[in-house]
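The values are calculated or read from the model by the stated rules, or taken from the named source; none is laboratory data. Please read these numbers as outputs of a predicted model, since none were measured by experiment. Cβ coordinates were reconstructed from backbone atoms using ideal geometry, including for glycine residues, and neighbour counts include every protein chain displayed. In case anyone asks, the SASA skips ligands and DNA or RNA and just uses the protein heavy atoms, side chains included. Shrake-Rupley method; radii C 1.70, N 1.55, O 1.52, S 1.80 Å.
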Amino acid sequence: MEVRVANVRKEFERFPALHDVSLDIKSGELIALLGPSGSGKTTLLRLIAGLERPTKGKIFFGEEDASQKSIQERNVGFVFQHYALFRHMTVADNIGFGLKVRHGASRPSAQEIRRRASELLDLVQLSGLEKRYPAQLSGGQRQRVALARAMAIEPAVLLLDEPFGALDAQVRRELRRWLRDIHDATGHTTVFVTHDQEEALELADRVVVMSQGSIEQVGTADEIYDTPNSPFVYGFIGESSALPVKVEDGQVWIADRPIGLSAPQAPRGEATLFFRPHDVDLVDECNGCIAGTVAASRRVAGTRRVELEIGGERQRVEIELPVDHPAAQKTRVAFRPRRWKLFPAA
Amino acid sequence: MADPEIKSYALHHESQSAAVTESRPAKAVLMIVTFAFLGIFLLLPLIVVFNEAFAKGLSAYTEALTNPDTRSAIHLTLLVAAISVPLNIVFGVSAAWAIAKFEFKGKAFLTTLIDLPFSVSPVISGLVYVLLFGAQGLLGAWLKAHGIVILFAVPGIVLATIFVTFPFVARELIPLMQEQGNGDEEAALSLGANGWQAFWYVTLPNVKWGLLYGVLLCNARAMGEFGAVSVVSGHIRGLTNTMPLHVEILYNEYNAAAAFAVASLLAGLALVTLVLKTLLEMRYGAEIAATRGH
C-alpha cells in the first residue's frame, strides 16, 4: 500500500510538533524516520497510524484519503516502543487478539485463529511459546511477539516505533537483520522510527531525516551519507567536521589564505565548510591547504582521531588518520578535504 | 516486564545489608511495640465482641439474630450494600478512567473532590442530605409535593452510604490506571478493537485486582457505615435500621448480648474481608505485582 503524507501540520496545545510535512512512501518500501528526540518522527508515525489527527493536511492510503479515518479503519499494524503486549494474555492470545475482536463473518473460528497464531510464531521464530505470558519472555522475544501480533491483522502498512530501542546492542543487531528478512519475505510497506542512524542507514530502503518538526532530507543511505543537503544532516549523520570560512573569487579562504578548494558556484561571503574527518588528504607542502597544530590525539578503534587547532582564532577541527601514520607524531599537520560541502553561514 | 523486577525485589528483601539491619534489642523492641499495639487495639476488642456475643450461650445468640428487627436490619444492610457497591463500581471506574486517560480542565479539582468523603466527618455527610431533602430543606417542599420520600427511608440511607463510600473504588484505580497509561488501549485499538472491546478485554483485566480490592473495602464500609446513615435513617425499628444502627439501639437498651451478637456479624464481615484480601494476595501475588508494574 502506498502512503502519501501531504502538507501535514500537527499542533499539540498550540505547540507545533510538525510543520508542513510531505512524504511519499512507495508500496513495499522499508522507510526509516530518523531524528533526534523532539524532531517529530514519532508524531509523524502516529499520524500515519491514526493515533493522532493532523491539525492541517491529509494522509492518503493509496488513492484514498485516510485523514479522517479511525485507527481501526486504517488497518495498520503498529508495534509500540515498549511493545504494549497484553500482560494477562498468553502469547497466542496476544497474537490472535486482532482476529478475535473482528465482527460477524470476518471473524475466523477459534481454531483458525490458533492456527494463524502459531503460523506467525513460526515466522518470528518463536514456535512453542504459545502458552507463555509476556512476563516470561525476554525483551527480544517480546519484540517478536509484538511484531507477530501486528502482522496478524494483515495490515496495509506496518509501523514500528523505536522497534529496537529497549534492547541491548547484541540483540539489536540480530533483530535488525531479522526484520529486514521478514520485510523481504512479506513485502509489507513498513515505516519505522529510530534515533539510531546506524540502524536507519543499514536497514531502510530510504531514510527520512527529521529535525524540529520538519523533514530535512529523504534519500537512500548513500545519498544521505555522501550528499547531505543541510548542515543539520551533515552534523547528524556520521562524523563531520565544520570550519567557518570565507568565499571570495570562487575560492575558499580561511583567514587570509586560500585553502586550495575552488567553489565557483558558491555565493560570496561567510560560509561553513563541512567534511568527513576520514575523507581528507594529508599534504606535505602547504600551498593551499588547511594547516593546524595538533591539540589532541585519540585512538578510536582502528584509527586515530587528531584534533587540530586552525588559524589565529584557534578553531578546532577533527581529522582521522591511520593508526601507524607518521603524521600522527608531528606537531603540525596540513591537509585538504577530499569531499566537502559549503553552506552559507546562518 | 515485571518478572525480573519481582525477583530482584525479593532478592533485595532477603539479603539486607548489615548496614540497615538493626541490632537485636532494637528489633525486639520494635516487634513488641507493634504486636502490643495490634493486640490491645485490634485483637482484644475482637475477642471481647465474640466473647460478649456468646456470653449467654449459643441459643441466646441465635435467638438474638433471628429476632424480626435484627433480621430486618440485616436485610436492609445487605440491600444498601447491594445497591451502593455496584453504583460505586460504575462511578469508580468512570472517574478513574476520566482522570487517568484524559486531559481536561479541573482534573486536579475532581481528584481532590473524590477524596472529600474521606476528609469530612460522616455526620456532616448525613446532615447535608437532611439539608437537601429534609422537610425544611432545599428540595423538601418539591419532594413532598410529588410524594417522594428520601429522608428517614431507604433511599436516604442508600444515598448517604454512596456518599461515604464513593472514593474507595476510584482511589484504588486512579494510581493504577495512571501508571499503566494508554499504551495497551492504543494497541488494542490499532488491532481493530472498538472502545468497548478495548475496555472489556484489555483495561478491565489490567485493573481487576485493584478493582476487587476497592470493591472489598467499599463493601465493608457500606455495611459498616454508622455516622452518615444514623443522621438520615430516623431509626425506625424494623424499617430503617441498618446493622450498625441496630447494634447501638440494642446496646442502649442494655441488651448487651444481642448487641454483641449483631456486632459479631459485622466483625465477622471484617474478618472475611481481611481473609479474602490475604488469600487473593497469596494466590495471585505475582500477577497483582505484574499488573501493578512494581
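The residues in region A:70-110 that are more than 7 Å from chain B (Cβ to nearest Cβ) and either within 16 Å of residue B:199 (Cβ to Cβ) or surrounded by fewer than 16 Cβ atoms within 10 Å (Cβ to Cβ) (or both) can be counted, and the count is 12. Within region A:247-273, the only residue that satisfies the criterion of being of a type in the set (S, T, N, Q), under 34 Å from the mean Cα position of the chain (by Cα) and farther than 19 Å from residue A:231 by Cβ is A:262. Under 32 Å from the mean Cα position of the chain (by Cα) and small (Gly, Ala, Ser), is that true of residue A:311? The answer is no for residue A:311.
Applying a threshold of 9 Å to beta carbon distances and a minimum spacing of six or more residues, or different chains, the list of pairs starting in region B:204-230 at a residue that is within 14 Å of chain A (Cβ to nearest Cβ) and ending at one that is open to solvent by 30 Å² or more (accessible area, probe 1.4 Å) and β-branched (Val, Ile, Thr) reads B:211/B:89.
Considering only residues that are under 20 Å from residue A:188 (Cβ atoms) and of a type in the set (S, T, N, Q), which ones fall in region A:15-54? A:27, A:42, listed by residue number. Does residue A:142 satisfy the criteria of being surrounded by fewer than 18 Cβ atoms within 10 Å (Cβ to Cβ), of a type in the set (Lys, Arg) and within 13 Å of chain B (Cβ to nearest Cβ)? Criteria not met by residue A:142. Residue-level check: of (1) of a type outside the set (Phe, Trp, Tyr); (2) within 21 Å of the chain's Cα centre (by Cα); (3) surrounded by fewer than 19 Cβ atoms within 10 Å (Cβ to Cβ), residue B:171 misses just (3). Does region A:52-85 hold any residues that are more than 16 Å from residue A:3 (Cα to Cα) and either hydrophobic (A, V, I, L, M, F, W, C) or touching a Cys at 6+ places or on another chain (Cβ under 9 Å) (or both), and which are they? If the condition is that a residue be more than 16 Å from residue A:3 (Cα to Cα) and either hydrophobic (A, V, I, L, M, F, W, C) or touching a Cys at 6+ places or on another chain (Cβ under 9 Å) (or both), then A:79, A:80, A:84, A:85 are the ones that fit. Of all residue pairs spaced 6 or more apart or on separate chains, those with beta-carbon atoms under 8 Å, a first member in region B:143-161 that is in the same structural domain as residue B:86 (by the TED database) and a second member that is of a type in the set (D, E, K, R) and open to solvent by less than 60 Å² (accessible area, probe 1.4 Å) are B:160/B:225; B:161/B:225. Scanning region A:112-137 for residues that are assigned to a helix (DSSP H, G or I), modelled with pLDDT of 90 or more and closer than 15 Å to residue A:152 by Cβ gives A:112, A:113, A:114, A:115, A:116, A:117, A:118, A:119, A:120, A:121, A:122.
For (1) touching a Cys at 6+ places or on another chain (Cβ under 9 Å); (2) part of a helix (DSSP H, G or I); (3) under 15 Å from residue B:268 (Cβ atoms); (4) open to solvent by 30 Å² or more (accessible area, probe 1.4 Å), each residue gets a yes or a no:
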position	(1), (2), (3), (4)
B:32	no, yes, no, yes
B:38	no, yes, no, yes
B:44	no, yes, no, yes
B:49	no, yes, yes, no
B:59	no, yes, no, yes
B:87	no, yes, no, yes
B:91	no, yes, no, yes
B:95	no, yes, no, no
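Among the residues of region A:145-173, those identified as over 16 Å from residue A:83 (Cα atoms) and away from chain B (no Cβ under 14 Å) are A:169, A:170, A:173.
Are any of the residues in region A:55-68 surrounded by 14 or more Cβ atoms within 10 Å (Cβ to Cβ) and closer than 30 Å to residue A:133 by Cα? No, there is no match, as no residue in region A:55-68 is surrounded by 14 or more Cβ atoms within 10 Å (Cβ to Cβ) and closer than 30 Å to residue A:133 by Cα. In summary, residue A:155 fulfils each of the numbered conditions (1) part of a loop (DSSP other than H, G, I, E, B); (2) within 25 Å of the chain's Cα centre (by Cα); (3) modelled with pLDDT under 90 with the single exception of condition (3).
In region A:111-135, the residue that is surrounded by the most Cβ atoms within 10 Å (Cβ to Cβ) out of those that are in contact (Cβ under 8 Å) with a residue 40 or more places away in the chain and within 26 Å of residue B:206 (Cβ to Cβ) is A:134. Being in the same structural domain as residue B:72 (by the TED database), open to solvent by 10 Å² or more (accessible area, probe 1.4 Å) and farther than 30 Å from residue A:75 by Cα is the requirement here; does residue B:264 meet it? Criteria not met by residue B:264. In region B:116-134 there is at least one residue that is polar (S, T, N, Q) and open to solvent by less than 60 Å² (accessible area, probe 1.4 Å). Can you pull out every residue in region B:148-166 that is surrounded by 20 or more Cβ atoms within 10 Å (Cβ to Cβ) and more than 12 Å from residue B:232 (Cβ to Cβ)? Residues satisfying the conditions are B:165, B:166.
The residue of region A:284-294 that is farthest from residue A:255 (Cα to Cα), among those that are surrounded by 14 or more Cβ atoms within 10 Å (Cβ to Cβ) and modelled with pLDDT under 85, is A:286.
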